[in-house]
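Q: Right, I'll just put the structure down here and ask away after.
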Amino acid sequence: MLDAVLELFREDAVYPGPAEVATRSGVSLRSVYRYFEDMETLVRAAMTRHLDRLQPLFVIENPGAGPLVDRVDQLVDQRLRLYDAVAPMMRAAVLRVRSNDLIRERLEENRRGLRHQIAEVFAPELGELTAGVSREVVAALDVLLEFESMEHLRRERSMAEPAARQVLVRAVKSMLRFGR
């Protein structure tokens, strides 16, 4: 049933119904409610499963090591891969974030981790800045590389991955230069 919910999200079903989940997973509607008290519980479980499976995409090996241009490329590429993997689920999560504490907590936890990752990846450059400017640069990079920015570039601006990548790489490099 969890995989059925994830498949429906991938097909842009923002809020799949219990009948759709039952049909897709090959179980009765009664079975859906036997294992999950309501659709919110089922959706939360599916989101948790999905994020757990994707944890390797959140990791960057040796952050802060190597030439700046390589680190920029590495971080932008990682965020684009992550966007491609989580976009359908994130669209659904964003709709539920205000009404669901578990989803809000998971999103906040992941976003904190991704912000921390920016600080780690660009630690050499950020270390040369005052604390205030460093926080501003991290905040700006966080906005540039968050899900909503990727969503805007890819779906609203209809940019293919290479064009979106180029925009992001330029913007990240510009922000790092700006801080100096």
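The values are calculated or read from the model by the stated rules, or taken from the named source; none is laboratory data. Small disclaimer: the values here were computed from a predicted structure and weren't measured. Methodologically, a virtual Cβ is constructed for each residue, glycine included, from the backbone with ideal geometry; neighbour enumeration extends over all protein chains shown.
Q: Which residue is nearest to the chain's Cα centre (by Cα), if the candidates are limited to segment 84-107 and must be of a type outside the set (S, T, N, Q) and farther than 23 Å from residue 153 by Cβ?
A: Only one residue tops the list, namely 106.
Q: Also: Has segment 124-138 got at least one residue that is within 29 Å of residue 16 (Cβ to Cβ), crowded, with 16+ Cβ neighbours inside 10 Å and assigned by TED's automatic domain parsing to the domain that holds residue 68?
A: No, there is no match, as no residue in segment 124-138 is within 29 Å of residue 16 (Cβ to Cβ), crowded, with 16+ Cβ neighbours inside 10 Å and assigned by TED's automatic domain parsing to the domain that holds residue 68.
Q: When both residues are 6+ apart or on different chains and their Cβ atoms are under 6 Å apart, which pairs have a first residue that lies in segment 55-79 and is touching a residue at least 24 places away in the same chain (Cβ under 8 Å) and under 12 Å from residue 120 (Cα atoms), and a second that is of a type in the set (Gly, Ala, Ser) and outside any loop (DSSP other than H, G, I, E, B)?
A: Correct list of pairs: 64/123.
Q: Here is a follow-up. Within segment 5-20, can you find the residues that are in contact with a helix residue (DSSP H, G or I) (Cβ under 7 Å, 6 or more places away or on another chain) and either exposed (fewer than 12 other Cβ atoms within 10 Å of the Cβ) or in a helix (DSSP H, G or I) (or both)?
A: 5, 6, 7, 8, 9, 10, 12, 18, 19, 20
Q: Same structure again: Condition first: in a helix (DSSP H, G or I), crowded, with 16+ Cβ neighbours inside 10 Å and among the aromatic types (Phe, Trp, Tyr). Now tell me which residues in segment 21-57 satisfy that.
A: none
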